[in-house]
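Dropping a structure here in structure tokens format, bear with me for questions.
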Amino acid sequence: EPEVTQTPSHQVTQMGQEVILRCVPISNHLYFYWYRQILGQKVEFLVSFYNNEISEKSEIFDDQFSVERPDGSNFTLKIRSTKLEDSAMYFCASSLLAGATDTQYFGPGTRLTVL
Amino acid sequence: ILNVEQSPQSLHVQEGDSTNFTCSFPSSNFYALHWYRWETAKSPEALFVMTLNGDEKKKGRISATLNTKEGYSYLYIKGSQPEDSATYLCALSSGYSTLTFGKGTMLLVSP
């Protein structure tokens, strides 16, 4: 069964460093998302991406964040200068369509630890 | 800001017990409610998408109901098994592609 994959599973970085989190969405999906969950808090939406453009983003997704689909398979989230509060589990998701009833399929997450 | 709440926060039952938990959400601007099952170190797995008031969905021993007028959904597990141990997340869709999640209910089923 097709699945969303994410690498690495765990990333440790120093404050101020750049990190790139990688995702391979399900191959025929058209819409891609990043969410994050800070420990003990709710899963929060960061950004959605379609047709090589950001379609929606939350207030969390500021200038320190960027997303890219560099080739036909990968979808990346870059954090330019990490802060302690960026420590969280980052989930990638994809969906075939983007309606309210369309299922978003999630990857297993990348746990980012900023020291 | 949409507020999706889940209760209880955690639940510990014995194998064979039936259990249920609640997801509450604002009833205005409702489009769909999604339930996910998330086991540690695995991908959250989609269980149900529910849209209509009175909807009932079933998948094996797990079922869910939806009341959009009062803004809640129940998830039921009949005859819990240790493999049902996971965090159960509900998420609201309000017409956009974004999902607004609750904090989840962590279920532990002891043999």
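Let's see how each residue does on (1) acidic (Asp, Glu); (2) more than 14 Å from chain A (Cβ to nearest Cβ); (3) surrounded by fewer than 17 Cβ atoms within 10 Å (Cβ to Cβ); (4) in contact (Cβ under 8 Å) with a residue 60 or more places away in the chain:
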| site | (1), (2), (3), (4) |
| --- | --- |
| B:Met50 | no, no, no, no |
| B:Lys59 | no, no, yes, no |
| B:Ala64 | no, yes, no, no |
| B:Tyr76 | no, yes, yes, no |
| B:Thr87 | no, no, no, no |
| B:Leu92 | no, no, no, yes |
| B:Met106 | no, no, no, yes |
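Scan A:Glu1, A:Glu18 and give me the residue that is among the charged types (D, E, K, R) and either crowded, with 19+ Cβ neighbours inside 10 Å or at pLDDT 95 or above (or both).
A:Glu18
Considering only the stretch A:53-106, state which residues are of a type outside the set (Gly, Ala, Ser), away from every other protein chain (no Cβ under 14 Å) and part of a loop (DSSP other than H, G, I, E, B).
A:Asp62, A:Asp63, A:Gln64, A:Arg69, A:Pro70, A:Asp71, A:Asn74, A:Arg80, A:Thr82, A:Lys83
While we're on this one: Show the residue pairs meeting these rules: Cβ distance below 8 Å; 6+ apart or different chains; first residue within the stretch B:14-29 and under 27 Å from B:Thr98 (Cβ atoms); second residue surrounded by 14 or more Cβ atoms within 10 Å (Cβ to Cβ) and of a type in the set (Asp, Glu).
From residues that are under 27 Å from B:Thr98 (Cβ atoms), the pairs are B:Cys23/B:Glu5; B:Ser24/B:Glu5; B:Phe25/B:Glu5.
Please state which of the following conditions B:Thr98 fails to meet, knowing it meets all the rest: (1) crowded, with 20+ Cβ neighbours inside 10 Å; (2) within 19 Å of A:Pro108 (Cα to Cα); (3) modelled with pLDDT of 95 or more.
Failing condition for B:Thr98: (3).
The values are calculated or read from the model by the stated rules, or taken from the named source; none is laboratory data. This one's a predicted model, so the numbers in the text were calculated from it and none came from an experiment. For neighbour counting, all protein chains shown are included, and Cβ atoms are generated from backbone atoms with ideal geometry for every residue, glycine included.
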